[in-house]
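Comments concern the structure below.
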Amino acid sequence: MAYRQLVFFVVMGLLGAIPACDDEPPFALPDPCDRIGDPDFTGPGYGVIGPDGGVIEQSDPANRLFGVKVEVPPGAWEDCWEVSIQYETIFGTPDYPDGYVPFERPDPSGAVDIDIGLSTLSGFYRSPDPLPIQLSFPMAGIQPEPIEVRTGYLFDEAQETWRIVFPDALSPDRLGISSATHEPLFSWGLINLNDVDFDAHVAPAMEENLGTETWTEFQEAVDELYRQGLEEQNLRMCIGLDLAEDILIGLQQSATESVLELQMLIDCGECNPITTEFYEGIRDYILLNIEAMIAEMVIDVIPGGLITFPLKLAAYGWLLSVEAAIEALPCDYPCFVRRAPPIIYVHVAIYYGAEGMLDLINWYRNSEYIMCPPAPASEQLLMPPG
């Protein structure tokens, strides 16, 4: 990394400047805490922090992490450590899950790698133990949409996925997060709530932020509010269904009365087009007329003569029986077709349209989409109060 190379060249330069003399003591780097503020160990994106705390900022405008800060409060560390803010390229950055909108989007986005360790004459050695840090990210160029929220991320090596880290501090131009360890990759940006997997990413972050007990109570409270809201919605829906059912039943009754009145005016027999008998009669009428046509064809085919007379006579008898069956139908369909006014078909359409809607309401009531309380029994409706 650039910081390590810089330290190497600084160390080599210092060694080269020392004259070769056997009486001179061997060269040694300053003690870690003496490096705080030392120009050889301080610059854009790197520096030294000790027990008194401190801030390291990437102040190079040409750097992709310009404006990123590492902050350590007083007393958080027992020793002094060199800190470097490094950019992890897209080739070393694990893929971001759906719904994550990191800081370099729409371009492919890298990540933040925090290097903490000490420079020695033999090289740079990273801190053997994880150290707590606070990170602050610039947000001025990141504008969320209504379905997006601003947040930080870190890469969980154990789970091999990015995790959401909710901010400790948030303003229009900065976002701050805390981490108990400096070791993972960090990043920041937005979360698109429409695209992110809530159970896999948002819920664990909320549980970690609020605590398991508080998060459980929160979920129970949300579930209860949802249940109450669902009950209220179902109640309103059930009342609406009851009202619609009453209206449809009223339409059916009105259509039935109108059809009966018109049936009496038509005077063609029992011709009620809102009964199943009417349509069963139409079927019988059609079949009998087909049968009559066949009988007439048989009569026409049989030649006259003494020998064929019994056959012709039987065919006439068949035709007469068919015509008698047609006359016996409860409705005179040719008469109905001639005399029925067009308005009767309007009433029939209203009747069957209402019937279809009533079937749909009953299906909806019995489906899993709504739970209506059972209707009171008829004897309960007739029971006087008290």
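No lab work stands behind these numbers, since they all come straight from the coordinates. What you are looking at is a predicted structure, and each value in this text was computed from that prediction instead of being measured. In this analysis, Cβ positions are derived from the backbone assuming ideal geometry, glycine residues included, and neighbour counts consider all displayed protein chains.
Miscellaneous remarks
- Considering only SER136, SER321, SER84, the mean-square fluctuation computed in a Gaussian network model of the chain, springs between alpha carbons under 10 angstrom, is largest for SER321.
- The C-alpha atoms of the chain define a longest principal axis, and helix 343-366 lies at about 40 degrees to it.
- Among residues other than PRO138 with Cβ under 12 Å from its Cβ, the summed charge is +2 (Lys and Arg +1, Asp and Glu -1).
- Which of TYR345, TYR46, TYR316 has the fewest Cβ neighbours within 10 Å, and the rest in rising order: TYR345, TYR316, TYR46
- Counting beta carbons within 10 Å around each of GLU213, GLU82 and listing the fewest first gives the order GLU213, GLU82.
- Think of the chain as a dipole: +1 on every Lys or Arg Cβ, -1 on every Asp or Glu Cβ, centred on the Cα centre; then among ILE299, ALA203, THR89, ILE299 lies furthest on the positive end.
- Bridge orientation summary for the chain: considering DSSP beta bridges with both residues in this region, about 100 percent are antiparallel.
- Proxy reagent accessibility, fewest Cβ within 10 Å first, across ARG227, ARG35, ARG64: ARG227, ARG64, ARG35
- Between helix 2-17 and the chain: long-axis angle, C-alpha atoms, 0 to 90°, nearest 10: 10 degrees
- Semi-axis lengths, Å, the chain, gyration tensor of Cα atoms, sqrt of 5 times eigenvalues: 95, 28, 16
- Between the Cα long axis of helix 276-301 and the first principal axis of the chain there is an angle of about 50°, rounded to the nearest 10.
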